[in-house]
Amino acid sequence: MATLGIGGTGQRLLRRLNPGPGGWQVGLATVATVGLALGLSALLIAVTGGSPTASTKALYQGSMASPAAWSTSLLYVAPLLLVAVGACVSARSGFFNIGQEGQVLIGALAGAWVGLRLAVPGPLLLVLVLLASVVGAGIWAGLSALMYRFRGVNIVVSTMLMTFLAQQLISFAVNTPWLLQESRLGRGTLSPQSNPVPENARLTSLGDYPNLQLNGGLVLAVVVAVVLALVMARTRWGFRLKMVGLNPAAARHAGVRVGALGGIALAISGALAGLAGALLLTSPVGTNRLQPGMSLNIGWDGLLVALVARNNPLLAIPVAVLFGVLRAGGSFLAATGVPSFLVDVVKALLVLAFVAPPVVIGMLRRRRLADQPATPTSTSTAPVAAATSTRPADTSAPVTGSDLEAAGPAASVPGPRAAAPQPADPGDAGTAGDKDAMEGRLA
Amino acid sequence: MSAADNIATILSSGARLTVPLAFAACGEYVAQRAGTLNISVEAMMLGAAFGSIAVASATGSATIGLVAGALVGVAVAFVHGILSHRVQINTFVVGLVLNALVLGLTSYLITVSTFTGHQVWQVNIPVLRDIPIVGPMLFVQRWPVYLLLAVVPLTWWLVERSRWGLELRAVGENPQAADVSGIEVNRRRRQALLWCGLLAGLGGAYLAVGEVGSFNQNMTAGRGYLVIAAVIFGAWRLGRTLIGCVVFGLADAMRLALPALGVTMNSQLLIAAPYLLALLAMLVFATSHREPRALAQPFQRGTT
């Protein structure tokens, strides 16, 4: 990376921001593709007879124009962020969980059951509701891990199938009198739902700044995101998680219990999705009742947030805000005659716009590397450099098994620092390439 | 209504509900044998359902609509193939995004436009339809149902008997070995996906221009996921996959028919049954290792 005339700290910061060599290319390409995605969305509105500018204005008005609009946006941000952080954890371990939609519902179910059945005074009930949702959804996701561990059932498929089971379970719960069906005198049932959870099981608003209502859930979600980001970046556990995700064979070789670790990661991602479900139940996003449709696709959207944030919990915070804004704006958009489904299109296009450039540019770089003859660094004396610099000769493979196996023994000394020896001489070419390759895998 | 009539009704509506699943399952089966755990089959079906109604409404011909639907399926498959087997983005990520994109796009477009309903013609064979119980199921159906009779053997022959299929299975089992023996792994996977798109498109289009005659928002309602479940339920064998589709179709038909017959049964359980069955099948059959070894693993030249 070229020196930009900034001091050491600044450079370190820039390097951290820089997702590897070609980081600026990726940035520029992302700006271009996001522009393209927004352009396509505008075109779609124009073709179907709407006005792109009016729609944009409506989106803005519903989500950001006033403190009240911001309040709505931020209410959506909390559950989205929780789901996304969980998805980051599981994706990083390679145990790709796509059942968040169901886990959100299970969390809400467990929370609702505790909230409606236990007569506990004061805010203790809220704590119990949140705990129940965490435990319930954690176990639900843990079932998938168990099925994988003992019967080799594909995680993606089992989490997906269990989403549909969860949906029917909720429907069953609110249709069954002895479980959670609403107790009403008249039988004029419109849609099945549970009773509302009591007042002391609801998250309170943290003060009322000029009309801006900050819900406690948001604070909770941000804290969870920051804590998990630190855990993943700075602890042995986080490092092992990454190892398992990048190369399970090498991790096993280095003494990591892959199945257990992946299972825990999966359970954590489920637990966080469950917590998101509890927020849907206890914060004013919904009606404070358990309803079959209460997940509002938060599970699917949270997954998309994690994709855009490239499995980085801290990056997930701004992305979740973006998605929350789109959600709040989308429901306002409907008032102007443009269906809010448009927002779903915009979201999907945005995800593609964010996900594709790094991968495409990584691919182009690999091609270019493959075309070049072996670089002079391959004759370098440092043993670590020898392990990393075989890559240019090694046609198109960024992260090969041999690469990580070579990193294996070093990594058996646990701790992030020990396993990332920085060769002084080959410098950025080798290490940054590794990082690039890792992120390519993770994306 | 007599008992025989009831059974005939359930069977014939079960057949109707099985057909879109069976079409798409034939496609998903091919994609999975090639190693792509394709979760965008939902997007293929939904996009095709929309495309078929839109084109049928524009041209006035349901048959042209059906063809257009199949082409929409192919288009989604093409995008999926490029993104996951050329650009090498994680195939689940691609599938999820495509599902979200198509769901949003079709929901949006159907609310800003109106289409007239169209249905393909019905085969109604005079004498045979009067056979008790199985008559209505076999001889009073829309014509794409009979297309299925050609698609199933063709798919089986393609995968199990043709050279293309041999290479396809090699790609799904051991892409490295296939690569060494000169097969272009990712191209073969893209081809398998296109076949999947074509058939999933036919399934989705049948749903729209065959069974219902119009398009509703999210009209596939998770059928694509059911198809994936069917392939897994069938332990990656075409015959058993189709049996899975029939089971799911019948369960669906029962759910619709039982309340009308006065039988009370837990409807949630019936809806969940296919997914539960697929999970149980995976739990039971997992030890026999019948899934393609490289299922859902991306292939890049030089990796291990």
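The values are calculated or read from the model by the stated rules, or taken from the named source; none is laboratory data. Keep in mind the model is a prediction, meaning the values are calculated, not measured. With ideal geometry, Cβ positions are generated from the backbone for all residues, glycine too; neighbour counts draw on all protein chains shown. Ligands, DNA and RNA are stripped out before the accessible areas are found, and what is left, the full protein with its side chains, is counted by its heavy atoms. Shrake-Rupley method; radii C 1.70, N 1.55, O 1.52, S 1.80 Å.
Taking B:ALA221, is it free of Cβ contacts under 8 Å to residues at least 12 places away in the same chain and open to solvent by less than 20 Å² (accessible area, probe 1.4 Å)? Give the derivation first.
On the way: free of Cβ contacts under 8 Å to residues at least 12 places away in the same chain: yes; open to solvent by less than 20 Å² (accessible area, probe 1.4 Å): no.
Here the answer is no, as B:ALA221 does not meet what is asked.
A:VAL305 meets all of the listed conditions (1) facing another protein chain (nearest Cβ under 10 Å); (2) assigned to a helix (DSSP H, G or I) but one, namely (1).
Against the test of being modelled with pLDDT of 95 or more, touching a helix residue (DSSP H, G or I) at 6+ places or on another chain (Cβ under 9 Å), open to solvent by less than 10 Å² (accessible area, probe 1.4 Å) and not basic (Lys, Arg), the options A:VAL104, A:VAL89 yield a single qualifying residue, A:VAL104. Taken as a whole, the stretch B:130-145 holds no residue that is outside any loop (DSSP other than H, G, I, E, B), under 17 Å from the mean Cα position of the chain (by Cα) and modelled with pLDDT of 90 or more. Across the stretch A:140-174, what is the number of residues that are facing chain B (nearest Cβ under 7 Å), in a helix (DSSP H, G or I), open to solvent by 20 Å² or more (accessible area, probe 1.4 Å) and without any contact (Cβ under 8 Å) to a residue 60 or more places away in the chain? The number of residues fulfilling the criteria is 4.
Every condition in (1) open to solvent by less than 40 Å² (accessible area, probe 1.4 Å); (2) more than 13 Å from chain B (Cβ to nearest Cβ); (3) farther than 23 Å from A:SER90 by Cα; (4) not hydrophobic (A, V, I, L, M, F, W, C) is met by A:GLY330 except one, and the failing one is (2). Every condition in (1) open to solvent by 20 Å² or more (accessible area, probe 1.4 Å); (2) assigned to a helix (DSSP H, G or I); (3) away from chain A (no Cβ under 14 Å) holds for B:PRO126 except the one numbered (2).
Only one residue in A:VAL345, A:VAL321, A:VAL325, A:VAL355 is of a type in the set (Val, Ile, Thr), surrounded by 22 or more Cβ atoms within 10 Å (Cβ to Cβ) and more than 10 Å from chain B (Cβ to nearest Cβ). Which one? Talk me through it step by step, then tell me what you get.
On the way: A:VAL345 fails: more than 10 Å from chain B (Cβ to nearest Cβ); A:VAL321 fails: surrounded by 22 or more Cβ atoms within 10 Å (Cβ to Cβ); A:VAL355 fails: more than 10 Å from chain B (Cβ to nearest Cβ).
Just one listed residue meets the conditions, A:VAL325.
Looking only at the stretch A:309-326, residues that are modelled with pLDDT under 90 and in a helix (DSSP H, G or I) come to 0 in all. The condition of being in contact with a Pro (Cβ under 8 Å, 6 or more places away or on another chain) and either open to solvent by less than 20 Å² (accessible area, probe 1.4 Å) or more than 8 Å from every other protein chain (Cβ to nearest Cβ) (or both) does not hold for A:VAL114.
Of A:ALA267, A:ALA273, A:ALA249, all but one fail to be open to solvent by less than 10 Å² (accessible area, probe 1.4 Å) and in a helix (DSSP H, G or I); the exception is A:ALA273.
So which residues in the stretch B:50-67 are open to solvent by 20 Å² or more (accessible area, probe 1.4 Å), small (Gly, Ala, Ser) and in contact (Cβ under 8 Å) with a residue 60 or more places away in the chain? B:ALA54, B:SER57 - these are the residues of the stretch B:50-67 that are open to solvent by 20 Å² or more (accessible area, probe 1.4 Å), small (Gly, Ala, Ser) and in contact (Cβ under 8 Å) with a residue 60 or more places away in the chain. Could you tell me whether any residue of the stretch B:29-42 is open to solvent by 10 Å² or more (accessible area, probe 1.4 Å) and either of a type in the set (Asp, Glu) or under 18 Å from the mean Cα position of the chain (by Cα) (or both)? For the stretch B:29-42, residues open to solvent by 10 Å² or more (accessible area, probe 1.4 Å) and either of a type in the set (Asp, Glu) or under 18 Å from the mean Cα position of the chain (by Cα) (or both): present.
Within the group B:PRO136, B:PRO132, B:PRO175, which residue is out of contact with any His (no Cβ under 7 Å at 6 or more places or on another chain), in contact (Cβ under 8 Å) with a residue 40 or more places away in the chain and closer than 16 Å to B:THR36 by Cα? It would help to see each step written out before you state the result.
On the way: B:PRO136 fails: closer than 16 Å to B:THR36 by Cα; B:PRO132 fails: closer than 16 Å to B:THR36 by Cα.
Going through B:PRO136, B:PRO132, B:PRO175 in turn, the sole match is B:PRO175.
Answer yes or no: is there a residue in the stretch B:98-107 that is within 14 Å of chain A (Cβ to nearest Cβ) and open to solvent by 50 Å² or more (accessible area, probe 1.4 Å). For the stretch B:98-107, residues within 14 Å of chain A (Cβ to nearest Cβ) and open to solvent by 50 Å² or more (accessible area, probe 1.4 Å): present. Which one is modelled with the lowest pLDDT among residues in the stretch A:276-299 that are of a type in the set (A, V, I, L, M, F, W, C) and surrounded by fewer than 22 Cβ atoms within 10 Å (Cβ to Cβ)? This residue is A:VAL285.
Evaluating B:ILE82 against the criteria (1) within 18 Å of B:ALA192 (Cα to Cα); (2) buried (at least 23 other Cβ atoms within 10 Å of the Cβ) leaves one unmet condition, (2).
Within the stretch B:82-92, the set of residues being at the interface with chain A (Cβ under 7 Å from one of its Cβ atoms) and within 20 Å of the chain's Cα centre (by Cα) comprises B:PHE92 only.
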